[in-house]
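First the structure, in the form of structure tokens, and then the observations on it.
The values are calculated or read from the model by the stated rules, or taken from the named source; none is laboratory data. Nothing here was measured: the structure is a model prediction, and the numbers come from that model. Cβ placement follows ideal geometry from the backbone for every residue including glycine, while neighbour counts extend to all protein chains displayed. Only protein heavy atoms, including side chains, enter the accessible area calculation; ligands, DNA and RNA are left aside. Shrake-Rupley method; radii C 1.70, N 1.55, O 1.52, S 1.80 Å.
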Amino acid sequence: MSAASRRWAIVRAELVAWVRTLGSAAVYATLIVTFGFQVARVEGQSMAPTLQDQDRLIVNKAVYKLSSPGRGDIVMLYYPSTRTSRS
């Protein structure tokens, strides 16, 4: 095996390792964001003085599957993307 082909084999092995690592990281990040934690940003003054506009929060999605919200907890709600009309 020549020096050039050995170098190419090392580079190829390194690239495969990087692709596997990045793929694994993407899968783990997707699982964490879907089921575990999420980063949210406060928009507006509705939570003042506790939270200010543009504050960032880390939301734990799993905690309330085990227990109910308690006094003093900050609860995040999703704003509905479509409005439904009532008849």
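Brief remarks on what is shown
- Loop-resident sites, the chain, for chymotrypsin sites (Phe, Trp or Tyr not before Pro), counting at most 14 other Cβ within 10 Å (DSSP): Tyr78
- Sequence of Leu51, Leu15 when ordered by accessible area, the most exposed leading, probe 1.4 angstrom: Leu15, Leu51
- Phi-based couplings in Hz for the range 21-37 (Karplus 6.51, -1.76, 1.60; Gly and Pro marked x): 5, 5, x, 4, 4, 5, 5, 4, 4, 5, 5, 5, 5, 6, 10, x, 10
- Residue-averaged [θ]222 nm for the chain, counting only DSSP H segments that reach four residues, each worth -39500 (n - 2.57): -12500 deg cm²/dmol
- When the trypsin sites (Lys or Arg not before Pro) in the range 9-67 are filtered for DSSP coil states and for at most 14 other beta-carbon atoms within 10 Å of their beta-carbon, the remaining sites are Lys61.
- Rounded to the nearest 20, the Cβ-based charge dipole of the chain about its Cα centre (Lys and Arg +1, Asp and Glu -1) stands at 380 debye.
- Over the chain, the reciprocal of the mean inverse Cα-Cα separation, the Kirkwood hydrodynamic radius, stands at 17.7 Å.
- Amide H contacts of Lys61: Phe37, Gln38, each under 5 Å away and 5 or more positions distant or on a separate chain (H built 1.01 Å from N in the peptide plane; Pro and chain starts excluded).
- Net +/- balance of residues flanking Arg41 in space, Cβ distance below 15 Å, scoring K and R +1, D and E -1: -2
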